[in-house]
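Visitor: After the structure tokens below, expect a handful of questions from me.
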Amino acid sequence: MASNDEQKPVELKVEEVGVLQEKEQPEEEEEEEVEQNEEEEQNEPNQNNKNEEQQENDNNDEEEGEEEGPQEIRLVKQDDGDDENNENNNENKQTAEHQLDNELKVNVEWYITGNNDVDIVFKTLSKRKLWLHWGVSQGNDGNNWSRIDKSFYPALTNEFNDFALQTEFSFLNEDDLEQKVHIRFPKGHVHTFNYVFLEKEQDRWYNNNKQDYHLNIN
């Protein structure tokens with residue numbers, strides 16, 4: 001009986017060792033899985049960093065491509081006709097100066113535009129209120145005054161009679177002494193622009209010793 005009792009524990013011990021070995025094997029596998037998971041987790045940030053770095057590199061490549069790529073340049077052709085007209089206007093522009101008295105002087109500029117319009121500008125530096133009394137003629141002698149078509153009257157213009165107009169000089173701004181009259185109309189058959197100056201308040205006329213002033217606009 002005693003020998004049988006001693007053999008049983010030996011068998012049990014062997015079985016327990018086997019069981020322990022079987023139990024220890026999953027634990028080792030679990031440890032291996034844990035280690036593998038940890039390695040994967042460690043690798044994931046690296047992979048994410050690589051992906052981020054790759055994305056940044058791709059973005060940089062795109063930005064560099066945009067900067068270094070060919071740029072579309074649109075060329076706008078200038079209107080040579082306008083330039084030529086401006087040059088011709090400057091070349092054809094004529095000037096005159098009228099010293100009406102010791103203080104009052106009027107400058108005149110005029111030319112024929114590319115559209116065959118007559119462009120005339122009168123300017124003066126004075127606080128004295130001045131009017132332009134004017135008309136046009138088809139002849140070169142300045143006789144037989146007539147009015148231009150009403151649609152081309154400049155601002156502040158009144159009809160004086162059947163053949164003459166009166167236009168008030170206007171200040172460019174309240175603080176400036178410069179006054180001007182700007183007249184523009186189709187040339188048509190007009191050859192002479194006739195005018196005198198007037199200070200209405202004083203009823204004072206400046207008419208070139210009753211000879212009037214004339215611009216030849218042929």
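Visitor: Enter the Cα centre distance for the pair the range 162-218 and the range 99-148, rounded to the nearest angstrom.
Guide: Cα centroid to Cα centroid, the span is 4 Å.
Visitor: How large is the charge dipole for the range 86-170, taken about the Cα centre, if only the Cβ atoms of Lys, Arg (+1) and Asp, Glu (-1) carry charge, to the nearest 20 debye? Each step should come with its number before you reach the end.
Guide: Working: 8 positive and 13 negative charges, 73 e Å.
Roughly 360 debye for the range 86-170.
Visitor: With a 10 Å radius around each residue's Cβ, average the other Cβ atoms per peptide and rank 168-174, 116-122, highest first. All intermediate terms of the calculation are to be shown ahead of the outcome.
Guide: Values: 168-174: 12.3, 116-122: 17.4.
Output ranking for 168-174, 116-122: 116-122, 168-174.
Visitor: Using a 7 Å offset from the Cα along the Cα-to-Cβ direction at both F160 and E201, what is the distance between the two label points in nm, to one decimal?
Guide: Taking the simple label geometry, F160 and E201 are separated by 2.0 nm.
Visitor: Moving on. For N107 and F171 in one chain, what is 0.36 nm times their gap in residues minus the Cα-Cα distance, to one decimal in nm?
Guide: Details: separation 64, 0.36 × 64 = 23.04 nm, distance 1.49 nm.
Contour length minus the Cα-Cα distance gives 21.6 nm.
Visitor: Report the residues of the range 103-133 in range of a label on H182: point 7 Å along Cα→C-beta, backbone N strictly under 15 Å from it.
Guide: 109-111, 113, 118-124
Computed from the coordinates by the stated procedures, all read-outs in this text should not be read as laboratory data. None of these values were measured; they are calculated from a predicted model. So basically every Cβ, Gly included, is an ideal-geometry build from the backbone, and we count neighbours across all protein chains shown.
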